[in-house]
1. Out of region 23-65, which residues are more than 16 Å from ALA7 (Cβ to Cβ) and touching a strand residue (DSSP E or B) at 6+ places or on another chain (Cβ under 9 Å)?
2. What tally of residues in region 239-265 results from selecting those that are in contact with a Leu (Cβ under 8 Å, 6 or more places away or on another chain) and over 22 Å from MET160 (Cα atoms)?
3. Suppose we filter ALA269, ALA279, ALA222, ALA254 for residues that are touching an Asp or Glu at 6+ places or on another chain (Cβ under 6 Å) and small (Gly, Ala, Ser); which single one remains?
4. Here's a check for you: in region 189-212, which residue that is aliphatic (A, V, I, L, M) and farther than 24 Å from ASP151 by Cα is surrounded by the fewest Cβ atoms within 10 Å (Cβ to Cβ)?
5. So for region 264-284 (the condition being surrounded by 13 or more Cβ atoms within 10 Å (Cβ to Cβ), in the same structural domain as TRP205 (by TED's automatic domain parsing) and among the basic types (Lys, Arg)), does at least one residue qualify?
6. Within region 148-168, is there a residue that is at positive phi, touching a residue at least 24 places away in the same chain (Cβ under 8 Å) and surrounded by fewer than 16 Cβ atoms within 10 Å (Cβ to Cβ)?
7. Taking into account only those residues within region 121-140 that are at pLDDT below 90 and of a type in the set (D, E, K, R), which is nearest to PHE272 (Cα to Cα)?
8. Tell me, yes or no, whether region 72-92 has at least one residue that is surrounded by fewer than 17 Cβ atoms within 10 Å (Cβ to Cβ) and touching a Ser or Thr at 6+ places or on another chain (Cβ under 8 Å).
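The values are calculated or read from the model by the stated rules, or taken from the named source; none is laboratory data. In this text, all values refer to a predicted model and were calculated from it rather than measured experimentally. We place every Cβ from the backbone using ideal geometry, glycine too, and count neighbours over all the protein chains shown.
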Amino acid sequence: MRNLDIATLRSLQAVAEYGAVTRAAEALNMTQSALSMQIKRLEEVFDRPLLEKAGRGVVLTDFAQLLLTDSRKLVAQNDAIISRFTGVLPDSRLRVGLTTDWPPLHLTHAVRRFRAAHPNVEIVLTDGGSIDLLKQFGRGELDVILTTEADCSEGGVNLMQVPLVWVGAHGGTAWQQRPLALTNGLYCAFLTIGVAQLERAGMAWEHASGIGGCERNLMLTAADQGVNILLQTQTRDGLQRIDHGGALPPLPPAFLNMYLTDGNVGDMASEFGCYLRRAVKEEVQEQAA
């Protein structure tokens, strides 16, 4: 029976958070080659690839996404055991949930600045769909959630609106087919937005065959099995914005929203929210420059 190394699992989590091996290595204060070697060892344990190239960065494979969920539990349990028997306990814990659509740079800057100001506050990151995150937040299981929605629900704060675009395979023709095959996941907020626009335009649509996890759906799109709806800021290899000349209906912007608890760690959540607002504002200013 093989044993999992906690350090390699931390490396996987860092790559998932930063979207690039170089930035993840810097965050862990290690060399890029050392981190790459840890990921390679983890791939050898499971005999499966964990990373795929995406633009200038990398993304986790569907298998790695599943592994990431359980690895977070294992790392958290490891840290809890160490803390309990060494007496080194964090001052408090901030539980942050976000969708995979959220621009990682915003969160990265916010986390690093917050941790620099509060080194003894543990930040526990969880990812998921907006619907699930809102339910967990409502049950008090998360202190801060970052969602992508069609609008901003009660209790939320809209940080920015980002245009949505139709994307398809390079040179693909799936967007010309009717009914239009959509490759967004069944519980994806962007699917709801797209369907509303298609039905308003009286255009027939259907779910593409084989849809599943986010990465699988994007692979289907790159294989010209349907079209996907993404944030304009998202880029993926094998995909391009569809120049449909008005054949597809226009899409409204997506709302990137933040929800903060008013519970026991309300002050900490509020301060973290300030760091996040700052990161978003800085990026907007950079884009406008």
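1. Once the filter is applied, which keeps residues that are more than 16 Å from ALA7 (Cβ to Cβ) and touching a strand residue (DSSP E or B) at 6+ places or on another chain (Cβ under 9 Å), region 23-65 yields ARG23, LEU51, GLU52, LYS53, VAL58, VAL59, LEU60, THR61, ALA64, GLN65.
2. Residues of region 239-265 that are in contact with a Leu (Cβ under 8 Å, 6 or more places away or on another chain), as a first pass: 239, 242, 248-249, 251-254, 256-259, 261, 265.
Of the ones still in play, those that are also over 22 Å from MET160 (Cα atoms) are 239, 242, 248-249, 265.
Matching residues across region 239-265 total 5.
3. Values: ALA279 fails: touching an Asp or Glu at 6+ places or on another chain (Cβ under 6 Å); ALA222 fails: touching an Asp or Glu at 6+ places or on another chain (Cβ under 6 Å); ALA254 fails: touching an Asp or Glu at 6+ places or on another chain (Cβ under 6 Å).
The match here is ALA269.
4. By that ranking, first place goes to ALA204.
5. Looking through region 264-284, none of the residues is surrounded by 13 or more Cβ atoms within 10 Å (Cβ to Cβ), in the same structural domain as TRP205 (by TED's automatic domain parsing) and among the basic types (Lys, Arg).
6. Yes: one or more hits.
7. Only one residue tops the list, namely GLU122.
8. yes
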